[in-house]
Amino acid sequence: MQIESTLHERAQSGPNRARAPWKRVVRVVLDLAGSEAQLVRHSEKPWASVTFSGARHTIVLAFDGAHAMEAADQFIAALPGHEFTISGRLVADATIQAVDQRTLPSPRAIVEAELLVLDDVSGSAASSRVPDQPARSALRPSPIDRGSPKTAPQRV
């Protein structure tokens, strides 16, 4: 799905609060990127595991001008650790996939970000366990891993 770069203005304003989930995702990414960012492209691909469902969102932003290059650097640094708030959704992962920076003929950065956005079935954003990560009990070492005397490796 492709959207025009004019969505930034529509996403920033807009009396329509009942946006489709992808529009809310784009809006929060644009808010994080700042006013220097221009939306180039958005795509969405359904995603599911045994326990979770949602979508992978790929968002490409352009930053034009020297001041915008600083904004791009700040966005690149902030995205992976940012705590997103999207009603009814949970951002499980946010990464920078690609960066193309050029200084000639004028400074420009193209940044591709990818977000894994889960449907928040619990109704609460407090449920933040990363998908496909085993529960803590599954991470306990087995007797073999603990170096139990019965299973300790023999030295030769």
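The values are calculated or read from the model by the stated rules, or taken from the named source; none is laboratory data. All figures in this text were calculated on a predicted structure; none of them were measured in a lab. Glycine also receives a Cβ, built like all others from the backbone with ideal geometry; neighbour counts cover every protein chain displayed.
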#### Entry: Residue satisfying all of: in segment 36-58; touching a helix residue (DSSP H, G or I) at 6+ places or on another chain (Cβ under 8 Å) and not charged (D, E, K, R); farthest from R108 (Cα to Cα) among these
A55
### Query
Which of the residues belonging to segment 88-120 are polar (S, T, N, Q) and either part of a strand (DSSP E or B) or crowded, with 19+ Cβ neighbours inside 10 Å (or both)?
T95, Q97, Q101
### Task
Run down D93, D119, D100 and say which single residue is free of Cβ contacts under 8 Å to residues at least 12 places away in the same chain and over 15 Å from D31 (Cα atoms).
D100
### Query
For residues in segment 49-65 being of a type in the set (A, V, I, L, M, F, W, C) and either in a strand (DSSP E or B) or under 17 Å from the mean Cα position of the chain (by Cα) (or both), which is modelled with the lowest pLDDT?
F52
### Selection count, segment 1-43, where residues are small (G, A, S), modelled with pLDDT of 80 or more and in a loop (DSSP other than H, G, I, E, B)
2
### Task
Please identify the pairs in which a residue from segment 8-32 that is of a type in the set (V, I, T) has its Cβ atom under 8 Å from the Cβ atom of a residue that is in a helix (DSSP H, G or I) and at pLDDT below 80, counting only partners at least 6 apart or on another chain.
V26/L7; V26/A11
